[in-house]
Amino acid sequence: MAKKLYIRTFGCQMNVYDSARMADVLAPLGYVPVDQPDDADMVILNTCHIREKAAEKVFSDLGRLRAFKQRKASEGGTMVLAVAGCVAQAEGAEIVRRAPYVDMVFGPQAYHRLPEMVARAARAGGAVLDTDFPEESKFDHMVAPERPATPGADASSAFLTIQEGCDKFCTYCVVPYTRGAEYSRPVADVLAEARRLCARGAREITLLGQNVNCYHGRAVDGREWGLGRLVRELAEIEGLSRIRYTTSYPADVDDDLIAAHRDVPQLMPYLHLPVQSGSDRILKAMNRRHGADAYRALVEKLRAARPDLALSSDFIVGFPGESDRDFEDTYRLVEEIGFVQAYSFKYSPRPGTPAADMAMQVEEPVKGARLTRLQDLLNAQQRRFNADCVGRRMDILFDRLGKRAGQLAGRSPYMQPVIVDASKSLLGGVAAVRITDGHANSLGGLLVEDEDRDGVRKKVCA
């Protein structure tokens, strides 16, 4: 009999990828994913430590799950309760102390050992804690199972982790402590997984890494490949029409990657390039290895290579010691460069990071006022970009049903949600759309049935 597996995923796309691999690892043990935790035989919280009070939110969820676990036990069943990911890595011992009913606690480098942990938990009758950084990579043990192609949205877009960990040690960030040192997967492994994903119906692959553009994977001949060369090789895979990558570190963008943006049509004209601040003084305090003018120069080179490139970014407002002038430097950088999307947050201390102990912490009302002003500018830029898209023709990857009957929803090359009246037969495929409406957070459009960019009449197929 199949056992029910519920995984709740917090945070970044890498956690989404990790959760899918956990399901793969547990499938041979008879676990089948379900959408609700109530009656699951195993529940895994795959956690993220980036957001404020992340650990407390995990304990809050565990309290609710404890009731499900107790009810299942009263009915003669069992529920294995696990905490995975970055909070588990950073707070493992505390989770075991505060929530002794949790069966397994393991970090993001240990999920390939899940079958062993399940067996140990069944024998031990107490929590299994696995937060060591293994000498071998988890990817050495991970091979996504061969599956038949799945029609529709589920298979059309996929994540593929190619790099993990971080050696940058930004003073506000916990990633080096929870994900470990930088590691790049071998080229052959990445290409093999990409081919499997495409065989299962993927039209778009997003390459993932904490610093994805510092990728230096070893090829079969012993040479190292950078991200630019890897993108070129991926573009040769049959059926792969879109390539993306995230998250980038500005100082690691090299000329070969810039050239790939110019030369590879499958590489989408949208780049997430976090800057965090426009103040050189604050960037230095953050231990970012770039300055504001270096960032501007990099953007200029990228846009020269790909004039239609659109940028998104990350911003931290109210970092310790940030003055009004520092904030104005950030505001001016945003005005000058222009971003089509951005993630902006008030600084909040992460225990164990150098910034948490810095003097001159900025008061909450000041941080709030600055963030509101910055977000007003960023939102205005996003609305203006969406409005400027009206009248343009774009190739849209339809990856889900719309909210209303007869609608499909998809993503533009610039990651904008696009809503269109269209047949379900286009689900999982790419079709040309004329944009007719530009809203604050989405676009509307009409299918282009018999038109191509050269005016030659041609049926657009999924």
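Our note on the geometry: Cα centres of region 294-330 and region 365-444, 23 Å apart.
Here LEU401 sits with roughly 90 square angstrom of accessible surface, probe radius 1.4 Å. Gain on full extension, evaluated as 0.36 nm per residue between ARG303 and GLU449 minus their Cα-Cα distance, stands at 49.4 nm. Among the listed values (i) 1.02; (ii) 1.08; (iii) 0.95, the one matching Cα Rg over 2.2 N^0.38 Å as calculated from this structure is (i).
Taking 12 Å as the straight-line reach from the Cα of LYS346, the aspartates and glutamates in range (excluding those fewer than 8 positions away in the same chain) are GLU52, ASP314, GLU322, GLU363, GLU364.
Within region 285-338, the proportion of Cα pairs with more than 17 Å between them is 42 percent. For MET360, the accessible surface of its heavy atoms amounts to roughly 140 Å² (probe 1.4 Å, protein chains only, rounded to the nearest 10). In the chain, the DSSP-assigned H stretches of four residues or longer account for a calculated mean residue ellipticity at 222 nm of -10500 deg cm²/dmol, using -39500 (n - 2.57) per stretch and the full residue count as denominator.
Output the relative contact order of the chain, whole-number percent, from Cα pairs under 8 angstrom with separation of 6+ residues. Taking the mean separation of contacting Cα pairs over the length of the chain, I get 9 percent.
Annotation: per residue accessible area for the chain equals 45 Å², rounded to a whole number [probe 1.4 Å, protein chains only].
Exposure here means at most 16 other Cβ atoms within 10 Å; with trypsin sites (Lys or Arg not before Pro) in a DSSP loop as sites, the longest stretch of the chain lacking them is 54-222.
Here the accessible area of region 263-342 is 47 percent carbon and sulfur, with a 1.4 angstrom probe and all protein chains present.
The values are calculated or read from the model by the stated rules, or taken from the named source; none is laboratory data. Because the structure is predicted, anything quoted here is derived from the model rather than measured. Ideal geometry is used to build each Cβ from the backbone, glycine not excepted, and the neighbour counts take in all protein chains shown. Ligands, DNA and RNA are excluded from the accessible area calculation, which covers all protein heavy atoms including side chains. Shrake-Rupley method; radii C 1.70, N 1.55, O 1.52, S 1.80 Å.
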